[in-house]
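S.K.: Once you've had a glance at the structure underneath, I'll fire off some questions.
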Amino acid sequence: MLMKGTYQKNKAVVIALATLAWCGVLLQLYLSLNSAIENGKGVAGGLVSYFGYFTIVTNLLVCISLTVPLVAPASAPGRFFARSDVTAGVATSIVFVGLAYHVLLRNVWNPQGLNLIANDLLHYATPIFFLAYWWFYTPKGALRWSYPLIWGFYPTAYLIYALTRGLIIGSYPYGFIDPSAIGYQRTMVNAVGLLMAFIVIGLILIALSRIQRRVNA
C-alpha cells in the first residue's frame, strides 16, 4: 500500500499543496495568539485555544502527511504517511472538516480580513485541493471497506480529548459537543451522528477509488 515515488514524482504539486496548507495553519496561529494576547490570555492561552479545534489538528495532519514523505521519504513516518490507506484516511478527515463547517458552522460567525482568509484556507481551500490531490495524483491501492471504521478512531480520540480538555479548562471548542450547555446525552448523540457522517464520507471515497481503479484498468 506504499505509494512508491508518488511524492517525488509529483513533487511540485505536493510542495504547492503543503505550502497552501501550512499558510492556513500558520496564519490562524498568528491570529489566535494575537487575539489571546490582546485579551490578556497570553501566548499559553492562545495555544490552548488554538489546539482545541478539530479543524486545526486536522489541517496540521494534512501538513504533516504532505511534508514528512517529501523531506524524509525513507523514514518510518515518511513511509507511514505515504501509504495509500493513510492518505485516504487523511482525505476523509479533511473533507469532513470542510463539510461539517459548511453545514454546521458557516453561519455562526462572520470573519473579516485576515480571519476570512484563514477561515477559507482551513475550511475550503485545503479540503478541496487535498481531495483533488488524492483523486488525481495518488494511487489508491486496494482500499478495504472496513478502513473507515479504523479511520473513525481519529475523530473519536479527538472527542475524548475535547471533552477532557473542557473539563479541565471549562471551555469547549464547539457548541454541539459542549456538555455544559447541552448536556452529556445530547453531546453523545451529536458525536455519534458526526462519527457516522465521517464513516459515510470514508465509504464514499473508497467507492470512488474503486470506480477509478476499474475505469483505469
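S.K.: Per-residue ellipticity at 222 nm for the chain, helices alone: DSSP H runs ≥ 4 residues times -39500 (n - 2.57), over residue total, nearest 500 deg cm²/dmol?
M.R.: The helix contribution divided over the chain gives -24000 deg cm²/dmol.
S.K.: If I take every Cα pair under 8 Å that is 6 or more residues apart in the chain, average their sequence separation and divide by the length, what percent do I get for the relative contact order?
M.R.: Reported as a whole number, the value is 24 percent.
S.K.: OK, next. When the chain is treated as a GNM, springs tying every alpha-carbon pair under 10 Å, which of 110, 119, 190 comes out with the largest mean-square fluctuation?
M.R.: It is 110.
S.K.: What are the residues whose amide H is under 5 Å from the amide H of residue 83, where those residues sit 5 or more places off or on another chain and H is modelled from the backbone?
M.R.: Long-range HN contacts for residue 83: 3.
S.K.: Normalising by the residue count of the stretch 111-194, find the relative contact order in percent from Cα pairs under 8 Å and 6+ residues apart.
M.R.: Computed value for the stretch 111-194: 12 percent relative contact order.
S.K.: For the stretch 59-69, just list the computed ³J(HN,Hα) in residue order, Karplus coefficients 6.51, -1.76 and 1.60, θ = phi - 60°, integers in Hz, with x standing in for Gly and Pro.
M.R.: Result, rounded to whole Hz: 5, 4, 4, 4, 4, 5, 5, 8, 7, 4, x.
S.K.: Another question about this same structure. Which value in Å is the Kirkwood Rh of the stretch 1-125 over different Cα pairs?
M.R.: In the stretch 1-125 this quantity evaluates to 15.6 Å.
S.K.: Candidates (1) 15.6, 46; (2) 17.9, 59; (3) 17.8, 53; which is the computed Rg and Dmax of the Cα atoms in Å?
M.R.: Identified label for the calculated read-out: (2).
S.K.: For the stretch 147-155, what does the Karplus curve 6.51 cos²θ - 1.76 cosθ + 1.60, with θ = phi - 60°, yield as ³J(HN,Hα) per residue in whole Hz, taken in order and with x for Gly and Pro?
M.R.: 4, x, 5, 5, 4, x, 5, 5, x
S.K.: Quick one: if you stick a label point 7 Å off each Cα along the C-beta vector at residue 168 and residue 30, how many nm between them?
M.R.: So the two model labels end up 2.9 nm from each other.
Read-outs: derived from the displayed coordinates by stated rules, not from any lab. None of the values given here were measured: they were computed from a predicted structure. When we count neighbours, we look across all protein chains shown, and the Cβ atoms used for this are built from the backbone with ideal geometry, even at glycine.
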